[in-house]
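Engineer: One structure follows; several queries about it will come next.
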Amino acid sequence: MTDLAGRFRALWDELAPVGRDTGSGGYLRYALTEPELWLRAWFREQADRRVMRVREDGNGNLFAWWGDPAAGDAVLTGSHFDSVPHGGTYDGPLGIVSAFLAVDELRAAGVNPVRPVVVGAFVEEEGARFGVPCLGSRLLTGEIAVERAAGLRDAAGVSFAEALGGRPAGADPALLGRFAAFVELHVEQGRALVELDAPVAVASAIWPHGRWRFDFHGEGNHAGTTRMADRRDPMLTYAFTVLAANKEARLRDAHATVARVAVEPNATNAIPSRVTGWLDARAAEPATLHGLVEAVRAKAAERARRDGTELTLTEESATPLVAFDGGLAKRLATLLDAPVLPTGAGHDAGVLAAHLPTAMLFVRNPTGVSHSPAESATDADCAAGVTALARVLEELACR
């Protein structure tokens, strides 16, 4: 094991136990809950060790500055701490740990930035607690209204404003204006790098994607006394919609997933009165995504008429096609001699890309699995990711 791989492992092991579920082996690091708050304190401690000043933007996002926060043309890097339910260990934290280690590498080499280097930790990237992904970066950039964000509630009824400790500050053009570029390092969420036999890649684009809530209303009734012909069962409409989403996505070479459902009254011996399902849909092109969601909606509405139920469709979030800064991506791919890959996964980088030059680096994931305990990366590949990120920061901030 190289020295850098060993230092990565030592730092990584400080985070590994935090929020881990002993049953599934996955992580329950929801935004602004105890595990994530511990990680935020760890972030401040790491910044203090490196004499980096930490600033919070009023939206829950943390920024550790190597250089003067008042200076312009800063290069931002980092990622997020929060996880999906029972998620993997690398998604998010890898980008933050790698950023601090990249700063260490530059300092050890005697390289000093001529523009500030900033390590960021964005809040609620996964949307697992309050329902809107990339909430922190959306607030910072003004892509979500403060009132809406403040009123978002988790499953226990706690609002984002309550969890944050006050109303979010919202858009901060002055802070955004201090950043000249953003580079997010992330574990690959697929196996392309395994097939290419490469430890690191540069991202080209993020597929357009979004989340839609399907509310199916019917008539609650007794499971044992209600004739099949007399039922208005929203579960049937929901089940049909799940199958329709799968079929329509396959026809378009797109992705559709329904993995979250809520049922009322959720009793074994009662026909549901309401079923709510959430559709996650993604496609390579905006027109394909629109066609997919519209086809699912139309099929669900037709089935609802047949079942005697009612459908309400709500768009909860939507992210357009993100083509990362082509010049920056090409520059970094040449610098690192790395392949260039698109991704179907959303990231804070996708939000920030509309406001400043943005790039992403991917680190090889041998399993190709993500949002699951099976997500993985070797210490050697993580060290390669740190080295690549350090070279990128040197290129962008130290020349």
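The values are calculated or read from the model by the stated rules, or taken from the named source; none is laboratory data. This is a predicted model, so every value here is computed, not measured. Glycine also receives a Cβ, built like all others from the backbone with ideal geometry; neighbour counts cover every protein chain displayed. In case anyone asks, the SASA skips ligands and DNA or RNA and just uses the protein heavy atoms, side chains included. Shrake-Rupley method; radii C 1.70, N 1.55, O 1.52, S 1.80 Å.
Engineer: Relative contact order of the chain: what whole-number percent is it, with Cα pairs under 8 angstrom and at least 6 residues apart? All intermediate terms of the calculation are to be shown ahead of the outcome.
Structural biologist: Values: 892 pairs, mean separation 90.7, N = 399.
Contact order relative to length: 23 percent.
Engineer: Choose one of Leu396, Pro208, Ala121: the residue whose Cα lies farthest towards the positive end of the charge dipole of the chain (beta-carbon charges +1 Lys, Arg; -1 Asp, Glu; about the Cα centre).
Structural biologist: Checked the options; the winner is Pro208.
Engineer: Packing-wise, with mean Cβ within 10 Å as the measure, how do 47-53, 326-332, 73-79 rank, highest first?
Structural biologist: Details: 47-53: 14.3, 326-332: 16.6, 73-79: 24.1.
In descending order of packing, they fall as 73-79, 326-332, 47-53.
Engineer: Given axes a ≥ b ≥ c from the Cα gyration tensor, I'd like to know whether region 50-107 is rounded (a/c under 1.5), prolate (a/b larger than b/c) or oblate. Don't skip to the end; give the middle numbers.
Structural biologist: Working: a/c = 2.79, a/b = 1.50, b/c = 1.86.
Because a/c hits 1.5 or more and a/b fails to exceed b/c, region 50-107 counts as oblate.
Engineer: Here's another thing I want to ask about it. Hey, got the dipole for region 165-293? About the Cα centre, +1 on K and R Cβ, -1 on D and E Cβ, debye to the nearest 20? It would help to have the intermediate numbers written out before the result.
Structural biologist: Details: 14 positive and 14 negative charges, 76 e Å.
In debye, rounded to 20, region 165-293 gives about 360.
Engineer: With a probe of 1.4 Å, find how much accessible area region 170-268 has per residue, and write the answer as a whole number in Å². Write down the numbers at each step before the final one.
Structural biologist: Working: 5060 Å² over 99 residues.
That works out to 51 Å² for each residue.
Engineer: Give the Rg (one decimal place) followed by the Dmax (whole number) of region 22-146, computed from C-alpha coordinates and expressed in Å.
Structural biologist: Taking only Cα atoms of region 22-146, I get Rg and Dmax of 14.9, 48 Å.
Engineer: Let me ask you something else. Bins of 10 Å, beginning at zero and ending with the bin holding the largest distance: percent of Cα pairs per bin for the chain, please.
Structural biologist: Final binned percentages: 5, 22, 31, 24, 11, 5, 2, 0.
Engineer: Just the accessible area per residue of region 15-156, please: how many Å² with a 1.4 Å probe? Could you put the intermediate results ahead of the total?
Structural biologist: Values: 4760 Å² over 142 residues.
Dividing the accessible area of region 15-156 by its residue count gives 34 Å².
Engineer: GNM on the chain, C-alpha springs below 10 Å: top fluctuator among Ser204, Ser83, Ser159?
Structural biologist: Comparing Ser204, Ser83, Ser159 in a Gaussian network model of the chain, the most mobile one is Ser159.
Engineer: Would you mind counting up the charge near Trp38? Only other residues with Cβ under 13 Å from its Cβ, with Lys and Arg at +1 and Asp and Glu at -1. All intermediate terms of the calculation are to be shown ahead of the outcome.
Structural biologist: On the way: positive: Arg20, Arg29, Arg40, Arg44; negative: Glu14, Glu34, Glu36, Glu45, Asp82.
After counting each charged neighbour, the total is -1.
Engineer: In whole percent, what relative contact order does region 53-150 give with Cα contacts below 8 Å and a gap of six or more residues? Let's see the in-between values first.
Structural biologist: On the way: 154 pairs, mean separation 32.7, N = 98.
Normalised by residue count, the contact order of region 53-150 is 33 percent.
Engineer: How much FRET efficiency would the formula 1/(1 + (r/R0)^6) give for Asn269 and Thr33, where r is the Cβ-Cβ distance and R0 is 51 Å, rounded to 0.05? Could the numbers behind the result be given before it?
Structural biologist: Working: r = 34 Å, r/R0 = 0.67.
Working from the Cβ atoms, E equals 0.90.
Engineer: Let me ask something else about it. Kindly rank 226-238, 270-282 from highest to lowest mean number of other beta carbons found within 10 Å of each residue.
Structural biologist: Numbers: 226-238: 17.5, 270-282: 20.8.
Put in order of decreasing packing, that is 270-282, 226-238.
Engineer: Let me ask another. How do the peptides 15-26, 124-135, 338-349 rank, highest first, by the average count of neighbouring beta carbon atoms within 10 Å per residue? Mind dumping the intermediate values first?
Structural biologist: Working: 15-26: 14.7, 124-135: 24.0, 338-349: 21.2.
In descending order of packing, they fall as 124-135, 338-349, 15-26.
Engineer: Only four residue types carry charge here, +1 at the Cβ of Lys and Arg and -1 at the Cβ of Asp and Glu. Report the dipole size of the chain about the Cα centre in Debye, rounded to the nearest 20.
Structural biologist: My answer is approximately 540 debye.
Engineer: Would you work out the charge dipole size for region 250-317 about its Cα centre, treating the Cβ of every Lys and Arg as +1 and the Cβ of every Asp and Glu as -1, and quote it to the nearest 20 debye? Working shown, then result.
Structural biologist: On the way: 10 positive and 10 negative charges, 49 e Å.
The calculation lands at about 240 debye.
Engineer: Quantify, in whole percent, the carbon and sulfur part of the accessible surface of the chain (1.4 Å probe; protein heavy atoms only). Show your work: numbers first, answer last.
Structural biologist: On the way: 8520 of 16420 Å².
Summing carbon and sulfur atoms, their accessible area is 52 percent of the total for the chain.
Engineer: What net charge do the residues around Gly26 carry, taking every other residue with its C-beta under 14 Å from that of Gly26, with Lys and Arg at +1 and Asp and Glu at -1?
Structural biologist: On the way: positive: Arg20, Arg29; negative: Asp21, Asp82, Asp91, Glu126, Glu375.
Combined, the nearby Lys, Arg, Asp and Glu give -3.
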